[in-house]
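Structure, as structure tokens:
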Amino acid sequence: MAEQTGGGGCCPPMDLFRSESMQLVQIIIPNESAHRTIDYLGEIGLIQFKDLNAEKSPFQRTYATQIKRCGEMARKLRLFKEQMSKAGLLSSSMSSTQVDLSFDDLEVKLGDLESELIEMNANGDKLQRSYNELMEYRLVLQKSGEFFHKAQSSAEAQHREQASHQTGEQSLETPLLSDQDAVTDPSKQVKLGFITGLVPREKSMAFERILFRATRGNVFLRQTVVEELVIDPVSGDKAEKNVFAVFFSGERAKSKILKICEAFGANRYSVPEDLGKQAQAITEVSGRISELKMTIDAGLLHRGNLLQSIGEQYDRWNILVRKEKSIYHTLNMLSIDVTKKCLVAEGWSPVFATKQIQDALQRATHDSNSEVGAIFRVLRTREMPPTYFRTNKFTNSFQEIVDAYGVAKYQEANPGVYTIVTFPFLFAVMFGDWGHGICLLLATMYFILKEKKLSSQKLGDIMEMTFGGRYVIFMMSLFSIYTGLIYNEFFSVPFELFGQSAYGCRDPSCRDSTSAGLIKVRDTYPFGVDPAWHGTRSELPYLNSLKMKMSILLGVAQMNLGIILSFFNALFFRNGVNIWCQFVPQMIFLNALFGYLSVLIIVKWCTGSKADLYHVMIYMFLSPTDELGENQLFAGQKITQLVLLLSALVAVPWMLFPKPFLLKAQHERHQGQSYTALQEAEESLMVENNDDSGHHEEFEFSEIFVHQLIHTIEFVLGAVSNTASYLRLWALSLAHSELSSVFYEKVLILAWGFNNVIILIVGIIVFIFATVGVLLVMETLSAFLHALRLHWVEFQNKFYEGDGYKFSPFSFTLIDGEDE
Amino acid sequence: MGFLVTTLIFVAIGVIASLCARICCNRGPSTNLLHLTLIITATVCCWMMWAIVYLAQLKPLIVPVLSEGE
């Protein structure tokens, strides 16, 4: 495409610095090979199809029925999955030796399997139900047999008693059944009916009460608790139940009792009155139970086998169905040609994938024996293409940090490149301790070494996040080991790793080392902070001054990098206005103020001057013409400051005014062209579109001007506030080193001082927990967040627009990864 | 070791690392450029950090004053 202009002619385009160049392609596919073509394109996964039927509802589309079929199949598969998990089977991804099924065959097969499974389940349920009923029946038989048996034996005993004593005394225990008359003279017996059954235990009291009330007490109820749980045949759940036997007289009472039984969910079973018959019934029922049991077991085995065979294929089928569904979904996005003989697809694809796509189209044509090949052509468009970075597992997590703020505009400079280094670096400035760095390194090495294993299994939320950012943490730990060496802190303890300290006593007696301090006797400590500072009274003032100045220097450097990237953007998009009216004045403004401050800091360090930098900076604005006096750091400082101040003052209107007017002039030029040559105008507008997205056909000068005004104010104020914002580097690094020295001195050294093993062990444990919990977890998190802020706000607002949209291709690998 | 010598060491390390990256994982010009950018950025960051701390200790305005207890 025309806008393939490299970033600077000298070097090849850098990976990741610009998003891949994209093209809008149109593919005309004959009907007969459409399905296979989309299949092959999905395997490549480098086209993002546009929905050409956006106005149609999902039901009006061409392949709505196929999608419905896919949905139906997915439902069946879900049913199988459910059944399998109920049966305790896991879908094993066995080696798929079977030949690939076609979509239609699979649909038939799934239908068959489903009906077979449903029938089996229904039969199984029926059998199970009658089995449970029989089990209940047997229970009732046994328990009520006990009632009868007990009643009879006690009646006989009483009868004997009565026969011997002949007293009219009647025991309360006398059962109703064994009424003396009934036993003595069966012919006179009032015909008592009885109903036996099972009632849920929690309802048994209410059941009894209602029965009693309904029959006005003309009923005799016996209940026994069944110790083991009984499976209810209706619901299939296990429940606690009581066996009951109700004795009554009369038909009306019977019908009432039956209704009450029904209402209470009490299952009734008829029990023969005669004890002999009862025993017979029990053996009969037991026989049937064992028979049924065998049938059920056989059925279960059969079902298990069926599910097993489904389980072996399940994953493959599931993938196939999802693939088909996505293919039809994509096909639905294509528009149908007027002749109804071919489908027209439009979509974005990276330029580098052209060859691959054409190959796939050819293969599809060949494989589906189509006479006409698919036609592939590149369309010209004014639309903004999607942003696509080819990342690997290392760069991906850094790119995600940037994307979380906003997806890069098409082909704009990607801060992700520098984030790979500067993000862990700024983190480490706040987290400088090589002991903690090593701990972090070990933890992240575990993730990296177990990468293969961990990526396949499911992790918790927090673990997942840590695992995803393992390479970020890896880089962070490496840099914090480095900055830890610079700060000379190992769990807050300094080591003389790089030679002797530069400081020594003034005289051999070291008399005034606690009042006047040590003096520098050797060369400066070659690498990092001199160990002599540790634990001295002047440590904090010294480190504060050092870290504060360091924060400003690092901040100014990073902000300059940001502005330089805006220059590369302007160069890439051939936007001269942005270079001359934005990049140049911004560079001048930032460096005239804060660049100068940085220079002053370095000059002060190198010369050992005692000048007050605050004073210099403040009076540079308040009274620039005054003599500097003792605050003079170098000759000609006054003139330099005047020049810098003036250039900073000039830079502000320079940022504000020229750009809107130049844009206006540019627009008017385009307008003039568009009347003369329509063709050209379209092309130039295309370039225009590329230049500045917020700049459409209608040109609102006031809008542009206000926009520029806001931008200028933001930059001018931002230069101050962003520089101040970098001081968080100082604050957090101070907090970290102070916390770790507190834990070291107040826990570990204190515990050591007691000369007691137990206290020492407790001290060590507390130290470890404090170090891990506070320093390694919480401090890591807070330093991470602050580094994130410095990148998102202070660095990226200098150049990053971040208003693009992500390339989301139609790809099977993405579908497979999705969880259902 | 002076400022310049250590700076040269940093430069040397940067150059060696770039050469290593170029030789060990040579994956086309654009990827190599990315690697080079990363190495240069990392080296500059590390050098800046060291240089700042070194320069700050060059001509000390305050000196370590030992605490009373020691």
Each label sits 7 Å from Cα toward the beta-carbon; between A:Ala214 and A:Phe769 the label points are separated, in nm, by 6.3 nm
Rounded to the nearest 10 Å², the 1.4 Å probe accessible area of A:Trp348 is 10 Å²
Partner lysines whose C-alpha sits under 18 Å from that of A:Lys340, ignoring same-chain residues fewer than 8 away, are A:Lys56
Among residues of region A:416-430, a drop of 50 Å² or more in 1.4 Å probe accessible area, assembly relative to the chain on its own, occurs for A:Val421, A:Phe425
With every protein chain kept in place and a 1.4 Å probe, the residues A:His707, A:His670 fall, from largest accessible area down, as A:His707, A:His670
Computed on Cα atoms only, the convex hull of chain A has an orientation-averaged projected area in nm² of 64.6 nm²
For A:Lys81, counting only lysines whose alpha-carbon sits under 29 Å away and dropping same-chain residues fewer than eight positions off, the answer is A:Lys68, A:Lys109, A:Lys126, A:Lys238, A:Lys293, A:Lys323, A:Lys325, A:Lys452, A:Lys453, A:Lys458
In degrees, nearest 10, the alpha-carbon axis of helix A:201-214 is tilted away from the dominant principal axis of the alpha carbons of chain A by 50 degrees
Partner shielding of B:24-34, taken as the mean number of other chain Cβ atoms within 10 Å, equals 4
The simple spin-label model distance between A:Thr224 and A:Leu781, using points 7 Å out along Cα→Cβ, in nm, is 6.3 nm
Scalar couplings 3J(HN,Hα) for region A:551-558 by Karplus 6.51 cos²θ - 1.76 cosθ + 1.60 (θ = phi - 60°), nearest whole Hz, x for Gly and Pro, are 4, 5, 4, 5, x, 4, 4, 5
Computed over chain A: longest principal axis from alpha-carbon atoms vs helix A:434-449 long axis, angle to nearest 10 degrees, is 50 degrees
Expected unfolding gain across A:Asp461-A:Asn756 under the 0.36 nm per residue rule, minus the alpha-carbon gap, is 102.0 nm
Once the in-chain neighbours fewer than 8 apart are removed, the lysines whose Cα is under 21 Å from A:Lys355 read A:Lys50
Between A:Gly499 and residues 5 or more places away or on another chain, the pairs with built amide H atoms under 5 Å apart involve none
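How well do other chains shield peptide A:607-619, expressed as the mean number of their Cβ atoms within 10 Å of each residue Cβ?
For peptide A:607-619, the averaged partner shielding equals 1.
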A chain fully extended from A:Thr295 to A:Arg511 at 0.36 nm per residue, minus the present Cα-Cα distance, gains in nm 67.6 nm
Expected field for A:Leu750, accessible surface area in Å² at 1.4 Å probe radius, rounded to 10, holds 100 Å²
Most packed first (mean Cβ within 10 Å per residue), the peptides A:612-624, A:34-46 order as A:34-46, A:612-624
With Cα coordinates, the longest principal axis of chain A makes an angle with the long axis of helix A:275-332, in degrees rounded to 10, of 20 degrees
Volume per residue (Å³) of the convex hull spanned by the alpha carbons of region A:441-492 is 74 Å³
Distance in nm between A:Met205 and A:Glu496 label points, each 7 Å along Cα→Cβ, equals 8.5 nm
Stretched fully, the stretch from A:Phe634 through A:Val584 gains (0.36 nm per residue minus C-alpha distance, one decimal, in nm) 15.3 nm
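The values are calculated or read from the model by the stated rules, or taken from the named source; none is laboratory data. Note that the structure is a prediction, hence the values are computed from the model and not measured. Quick reminder, even Gly has a Cβ in these numbers, built from the backbone with ideal geometry, and neighbours come from all protein chains shown. When the accessible area is computed, the model is the full protein with side chains, heavy atoms only, and any ligands, DNA or RNA have been set aside. Shrake-Rupley method; radii C 1.70, N 1.55, O 1.52, S 1.80 Å.
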